[in-house]
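Asks: Quick one: this structure, given as structure tokens, is what I'll be asking you about.
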């Protein structure tokens with residue numbers, strides 16, 4: 001940011017944070033989550049088991065974990081701008097690599113690199129967004145939540161593209177979808193490359209701040225469970241909708257509803273995110289997330305699946321925002337990048353284990369319903385753990 005933070009008007013701060021959120025749009029909303037839209041066709045065409053299909057999100061999450069572990073070092077070494085923009089550009093390259101080959105090893109490598117790059121951009125962007133939000137403390141929670149709308153934008157636009165590309169080109173056209181998503185991500189990266197983001201200021205001090213795990217161990221456990229629980233829903237729900245007979249329109253509508261929910265997040269949760277009571281805000285949001293994930297267990301009607309997508313989506317995007325709000329309310333600004341990275345690592349371990357384990361259970365038991373049961377159970381446990389975290 002070339003202009004001092006105190007000179008940013010609320011409108012300009014909001015625009016800058018929304019621009020920063022494009023890193024999450026590309027790296028997460030498209031780079032990670034759009035895989036669920038392509039997974040059924042890839043699984044059929046490449047003859048994968050559910051374990052193999054889940055592994056593609058496990059390896060992506062492993063890369064994300066490695067990126068989260070490296071983020072503070074990357075920011076200190078290269079600056080905010082390079083970590084944010086470089087991570088996003090590499091994410092685009094990883095999408096293109098997914099379009100080039102059907103080889104399992106090549107695809108695994110592309111997913112690994114994409115995850116690493118997404119984490120670098122997300123941690124840098126989240127810390128920058130927290131700093132910008134502090135320019136207006138009375139609106140900080142609302143401004144910060146705008147950053148977490150980024151993945152929702154990616155989910156929405158990919159949901160409006162991928163199912164119809166698959167329908168138009170037929171079975172085996174998964175690679176064409178990856179090319180379409182690469183082109184879309186390239187366009188979304190342009191505003192981020194043009195944004196006035198400072199590259200070096202304040203990096204040395206903020207990246208070396210001490211952070212202790214033990215005072216927030218139960219909170220980190222809750223975020224770990226969220227990571228393991230949400231990813232099962234986000235990996236396999238489109239396959240579940242397809243197995244129920246849902247065509248391109250049903251898949252696009254379901255996925256787009258999740259993405260659209262992100263736009264309501266800042267308004268729905270602004271009061272909750274401002275709660276300065278330990279892990280209470282995260283616990284409340286995770287409880288709602290659990291309810292959304294559990295709904296398909298009770299029926300397969302279109303209305304019930306639509307409500308599931310909306311409720312899951314509106315809470316899903318707010319959980320990450322609540323952890324950043326927790327960091328902002330409990331730590332000095334100098335510790336924010338390190339604390340956000342710690343939160344991201346706990347989350348990353350959870351979502352690394354989740355897809356492969358749930359995929360293996362689905363292979364063994366023969367029904368995706370079990371994946372949804374496990375997802376909801378882990379989210380519920382995460383809500384309980386978060387509720388036990390006290391204010392520091």
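Asks: Scan the helices (runs of 4 or more DSSP H) fully inside the stretch 1-92 and keep the ones with 1 or more residues being closer than 25 Å to residue 241 by Cβ and out of contact with any strand residue (DSSP E or B) (no Cβ under 7 Å at 6 or more places or on another chain). Step through it out loud before you land on a result.
Replies: Numbers: elements: 10-20, 35-46, 50-78.
Qualifying helices (runs of 4 or more DSSP H): 35-46, 50-78.
Asks: Could I ask something else about it? Spot the failing condition for residue 171; the list is (1) assigned to a helix (DSSP H, G or I); (2) surrounded by fewer than 18 Cβ atoms within 10 Å (Cβ to Cβ), and only one is missed.
Replies: (1)
Asks: Okay, next question. With 38, 26 as the choices, which residue is modelled with pLDDT of 85 or more and within 17 Å of residue 189 (Cα to Cα)? Before the answer, list the steps.
Replies: On the way: 38 fails: within 17 Å of residue 189 (Cα to Cα).
Just a single option satisfies the conditions, and that option is 26.
Asks: Still on this structure, I have one more. Filter the stretch 371-386 down to the residues that are more than 16 Å from residue 295 (Cβ to Cβ) and surrounded by fewer than 20 Cβ atoms within 10 Å (Cβ to Cβ) and list them by number.
Replies: Passing the criteria: 381, 384.
Asks: Is it fair to say residue 162 is within 16 Å of residue 34 (Cβ to Cβ) and at pLDDT 80 or above?
Replies: On the way: within 16 Å of residue 34 (Cβ to Cβ): yes; at pLDDT 80 or above: yes.
So residue 162 passes the test.
Asks: State whether one or more residues within the stretch 114-123 are in contact with a helix residue (DSSP H, G or I) (Cβ under 6 Å, 6 or more places away or on another chain), in a helix (DSSP H, G or I) and at pLDDT below 85.
Replies: Of the residues in the stretch 114-123, the ones in contact with a helix residue (DSSP H, G or I) (Cβ under 6 Å, 6 or more places away or on another chain) are 114-123.
Applying the additional criterion that residues be in a helix (DSSP H, G or I) yields 114-123.
Next, from what is left, pick out any that are at pLDDT below 85: 123.
Scanning the stretch 114-123 turns up at least one residue that is in contact with a helix residue (DSSP H, G or I) (Cβ under 6 Å, 6 or more places away or on another chain), in a helix (DSSP H, G or I) and at pLDDT below 85.
Asks: When you scan the stretch 76-88, do you find a residue that is surrounded by fewer than 24 Cβ atoms within 10 Å (Cβ to Cβ), over 30 Å from residue 136 (Cα atoms) and without any contact (Cβ under 8 Å) to a residue 60 or more places away in the chain, even just one?
Replies: No, there is no match, as no residue in the stretch 76-88 is surrounded by fewer than 24 Cβ atoms within 10 Å (Cβ to Cβ), over 30 Å from residue 136 (Cα atoms) and without any contact (Cβ under 8 Å) to a residue 60 or more places away in the chain.
Asks: What are the residues in the stretch 289-321 that are out of contact with any helix residue (DSSP H, G or I) (no Cβ under 9 Å at 6 or more places or on another chain) and surrounded by 24 or more Cβ atoms within 10 Å (Cβ to Cβ), if any?
Replies: none
The values are calculated or read from the model by the stated rules, or taken from the named source; none is laboratory data. Everything numeric here is computed off the predicted structure, so don't read it as measured data. Don't worry about glycine lacking a Cβ; one is built from the backbone with ideal geometry, like all the others, and counts go over all protein chains shown.
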